[in-house]
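Engineer: This structure is in structure tokens; I'll ask about it shortly.
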Amino acid sequence: MILFETFERLPGGMPYRLLDRHPDGTHVALQAKEHYAGRSAVWNTDTKRIVWQPERAIALAWLQDGTQIGVLREAHTARYEFALYAWPETHLLHHCLIDLPSRAGWMLDLIISPQSDLALCHWVDQTEAGFEFIDITPHSTSHDTQASYALEGTNELTRAVFSPQGDFWVFAYKIYEIWWAPNPEDIDTYDQPARGGEYPLGVLQVFRKKQPFTRTIPLIATLPAGWLPEDPDADEVLYINDPLFLDEQHVQVRLPSGEIKIYQVPHLFKELSSL
């Protein structure tokens, strides 16, 4: 567990989210809450001090076994760019501009494949979210403008998570705010207990590299009659935890109901167990 309040602050405030851990166990990339450039940096976990703060950085992630670090940042000549640096030398290796679709909002997160060949640039807007894809080779980086992905209706996605070998990745999102209520579309029923049974509350979206699977995985909670969260406004009730790959074909999701479910991908998307 990271005590964020013990770390040196950024201009964007106290860090609140872990972006990545370096293999040496001494360095972490963290992000502050304020939604403007300069909100991410690298800290030393022993001293809690910032050791590298790239200009205009939004999100950071290591690759190539920690010998390189990717930076998603605001650009001078475009809205955003992806830059690749050597680590720990921090000299620039490659960079490319990100040509965002007109519908896209602002960049939030960066996740890089374990194979170090694909970067996911996660953007959000008021009621939408999506990903732009960066191809990474030993000699260049490039934005694949033909492979953009956008989701309408919500911007509350979990972090994208790659499988251990990087062939697949997933994210989850909720479809109802008060998913346990008798009428989940009526916000005024948030204080009414569940009637019992199965409650569809979200979706798990699976990708193979840049290609989304047509079939999604429904996330369904099973509740006893009378179930009601202690605090309907608590984060653990309002949000789905980030998925976790157990191996290349099995992904675990902790639902806001407290249930832990395991699904098999990419085959039949079968729910294997519920804890």
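Engineer: Within straight cross-link reach of residue 210, meaning Cα distance under 16 Å, which aspartates and glutamates are found once same-chain residues fewer than 8 apart are removed?
Structural biologist: 117, 132, 135, 144, 167
Engineer: Here are labelled values, [x] 2.19; [y] 1.05; [z] 1.11, and one is the computed Cα Rg over 2.2 N^0.38 Å for what I pasted. Which one?
Structural biologist: Read-out from the structure maps to [y].
Engineer: With θ set to phi - 60° and the Karplus curve 6.51 cos²θ - 1.76 cosθ + 1.60, what are the ³J(HN,Hα) couplings of the stretch 78-87 in order, to the nearest whole Hz, using x for Gly and Pro?
Structural biologist: With the stated coefficients, the stretch 78-87 comes to 8, 5, 9, 8, 10, 10, 10, 10, 6, 10 Hz.
Engineer: Among the chymotrypsin sites (Phe, Trp or Tyr not before Pro) within the stretch 38-146, which fall in a DSSP loop and have no more than 11 other Cβ atoms within 10 Å of their own Cβ?
Structural biologist: none
Engineer: Which of the GluC sites (Glu not before Pro) across the stretch 48-151 are loop residues per DSSP, with 11 or fewer other Cβ within 10 Å?
Structural biologist: 55, 89
Engineer: What does the helix-only formula give at 222 nm for the chain: each DSSP H stretch with n ≥ 4 adding -39500 (n - 2.57), the total divided by the residues, and the result rounded to the nearest 500 deg cm²/dmol? If you can, show how the numbers build up before the last one.
Structural biologist: Numbers: 1 runs with 4 residues, N = 275.
My calculation for the chain gives 0 deg cm²/dmol from helical runs alone.
Engineer: Counting alpha carbon pairs within less than 8 Å and at least 6 residues apart, what relative contact order, in whole percent, applies to the chain?
Structural biologist: RCO, the chain: 9 percent.
Engineer: Something else now. Which one, 76, 250, 139, has the greatest fluctuation when you compute a Gaussian network model over the chain with C-alpha springs under 10 angstrom?
Structural biologist: Maximum fluctuation in the GNM of the chain, among the listed residues, is at 139.
Engineer: Taking 0.36 nm per residue of sequence separation and subtracting the Cα-Cα distance, how much length would be gained by fully extending the chain between residue 244 and residue 3, in nm to one decimal?
Structural biologist: Computed gain between residue 244 and residue 3 is 84.6 nm.
Engineer: At a 10 angstrom cut-off on C-beta neighbours, averaged per residue, how do the peptides 222-233, 195-206 rank from highest to lowest?
Structural biologist: Going by the mean number of other Cβ atoms within 10 Å, highest first, we get 195-206, 222-233.
Engineer: For the stretch 35-100, run through the trypsin sites (Lys or Arg not before Pro) and keep only the ones in DSSP coil with at most 12 other Cβ atoms within 10 Å of their Cβ. Could you put the intermediate results ahead of the total?
Structural biologist: On the way: sites: 39, 48, 49, 56, 73, 79; in loops: 39, 48, 49, 56, 79.
Here the sparse-neighbourhood loop sites are 49.
Engineer: Quick one: Cα centre-to-centre distance for the stretch 207-224 and the stretch 89-110, in angstrom?
Structural biologist: Between the Cα centre of the stretch 207-224 and that of the stretch 89-110, the gap is 27 Å.
Every number here is computed from the coordinates shown, using simple stated rules; none is lab data. These figures come from a predicted structure and were not determined experimentally. Backbone-built Cβ (ideal geometry, glycine too); neighbour counts: all protein chains shown.
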